């Protein structure tokens with residue numbers, strides 16, 4: 001397996017790079033087991049069991065993610081059970097999150113449900129982020 005190049009979770013990709021990467025949509029009737037990896041944006045309306053690596057991730061109201069999320073910007077409207085490693089995190093009023101959210105900035109709407117921990121991290125944590133640590137049994 002080839003290691004993906006290191007990406008920064010602080011600066012967005014250049015306009016030129018983003019023009020080549022259309023937004024990906026995972027439909028409501030789709031279930032993915034494994035790793036989703038993109039340098040662009042992905043909208044999850046279905047179910048993901050595994051890890052998501054993206055520049056920007058939106059978990060729609062019907063979406064469910066169980067696993068790790070590594071992205072620069074994460075917006076959650078649906079359900080998440082796992083860990084988030086993102087510079088900016090937004091939990092919408094309909095969000096239902098269980099786990100740990102490692103962030104630099106976080107916005108939580110009134111009505112969002114969260115059960116877990118939200119450790120703040122400095123900018124340099126995300127500038128040098130390589131991959132999430134292994135989970136402890």
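Bear in mind these aren't lab numbers, they're just calculated from the coordinates by the rules spelled out. Remember, predicted model here, so these are calculated numbers, not experimental data. Please note: Cβ atoms are built from the backbone with ideal geometry, for glycine as well, and neighbour counts cover all protein chains shown.
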Extension gain residue 23-residue 81, at 0.36 nm per residue separation less the Cα-Cα distance, in nm?
18.5 nm
Note the full-extension length gain between residue 117 and residue 131 as 0.36 nm times their separation in residues minus their Cα-Cα distance, in nm to one decimal.
3.1 nm
What FRET efficiency do you get for residue 105 and residue 30 if R0 is 30 Å and r is their Cβ-Cβ distance, rounded to the nearest 0.05?
0.50
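What shape does segment 12-137 have by the C-alpha gyration tensor, where a ≥ b ≥ c are the square roots of the eigenvalues, rounded means a/c under 1.5, and otherwise prolate means a/b greater than b/c and oblate the rest?
Rounded, because the longest to shortest axis ratio a/c is under 1.5.
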Exposure-ranked with fewest Cβ neighbours within 10 Å first, 33, 61, 110 stand as 110, 33, 61
Grab the beta carbon distance between residue 124 and residue 61, set R0 = 35 Å, and tell me the FRET efficiency rounded to 0.05.
0.55
Residue order, fewest to most surrounding Cβ atoms within 10 angstrom, among 113, 79:
113, 79
